[in-house]
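Nothing in this text is a laboratory measurement; each read-out follows from the coordinates by a stated rule. What you are looking at is a predicted structure, and each value in this text was computed from that prediction instead of being measured. With ideal geometry, Cβ positions are generated from the backbone for all residues, glycine too; neighbour counts draw on all protein chains shown.
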Amino acid sequence: NNLEIMGITDESILCSGWLHDVIEDTSFDFDDVSKSFDKKIAQIVSDVTKETRLPKNQQEKNYLKQLIGSSWQAKVVKLADILANVSDLKNSELTKKQKIIQIKYKVKYLGAIKSGIITNKSKIPNLSETEHLLNLVLSQYGQRKITLF
């Protein structure tokens, strides 16, 4: 839904948004996604998938590098995911401290995708609305404003 709010209409990106956690959270792998959909969608999904078999510290380092090197399509899927995750924190049973830790991770991810989002802002028609929604949530957790364009 967040991708549609952003004005994204490309079917591959929208499909990747629905599938973004499928490799991380199920037994599906890249080849399964590629066979069931196509290689472009599988690549976008793979680009936003964290390698969970690594130690947590190494996972995060690798994931940030992976996001930095990903396509703009993967970056916009990650942006939609971040917006969904931070917006849903209010419904979470996490403690305030745990929520702030989650926000800090999401802000790091935003840093990794920001330049790709800015470079491709013309392909994201409602980016300013997305930025506004994101900043509303981030401000509730004491985070400073982020700019995406």
Checklist outcome for this item: Amide H proximity to residue 37 below 5 Å, modelled H, separation 5+ or other chain, gives none
Item to check | Charge context of residue 84, other residues only, Cβ under 13 angstrom, K/R +1, D/E -1 | outcome: -1
Next on the checklist: Just want the answer: with Cβ charges of +1 for Lys and Arg and -1 for Asp and Glu, which residue in 13, 139, 62 is farthest toward the dipole's positive end in the range 11-149?
Outcome noted: 139
Next on the checklist: Going by amide H atoms built from the backbone, whose H comes under 5 Å of the H on residue 126, apart from near neighbours?
Outcome noted: 7
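Using the crude model of +1 on Lys and Arg Cβ and -1 on Asp and Glu Cβ, and no other charge, please compute the dipole size for the chain relative to its Cα centre, in debye to 20.
Working: 22 positive and 18 negative charges, 196 e Å.
Computed charge dipole of the chain: roughly 940 debye.
Based on DSSP H runs of at least 4 residues, each adding -39500 (n - 2.57), what is the mean residue ellipticity at 222 nm of the chain after dividing by all its residues, to the nearest 500 deg cm²/dmol? Walk me through the numbers before you get to the answer.
On the way: 9 runs with 101 residues, N = 149.
Rounded to the nearest 500, the figure is -20500 deg cm²/dmol.
Order of 23-31, 53-61 by packing, highest average Cβ count within 10 Å first?
Working: 23-31: 12.9, 53-61: 10.7.
With the highest mean Cβ count within 10 Å placed first, the list reads 23-31, 53-61.
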Checklist outcome for this item: With Cα springs under 10 Å, the Gaussian network model of the chain assigns the largest mean-square fluctuation among 49, 119, 130 to 119
Next on the checklist: Apply the Karplus curve 6.51 cos²θ - 1.76 cosθ + 1.60, θ = phi - 60°, to the phi angles in the range 87-94 and return the couplings in whole Hz, x for Gly and Pro.
Outcome noted: 5, 7, 4, 4, 8, 7, 8, 5
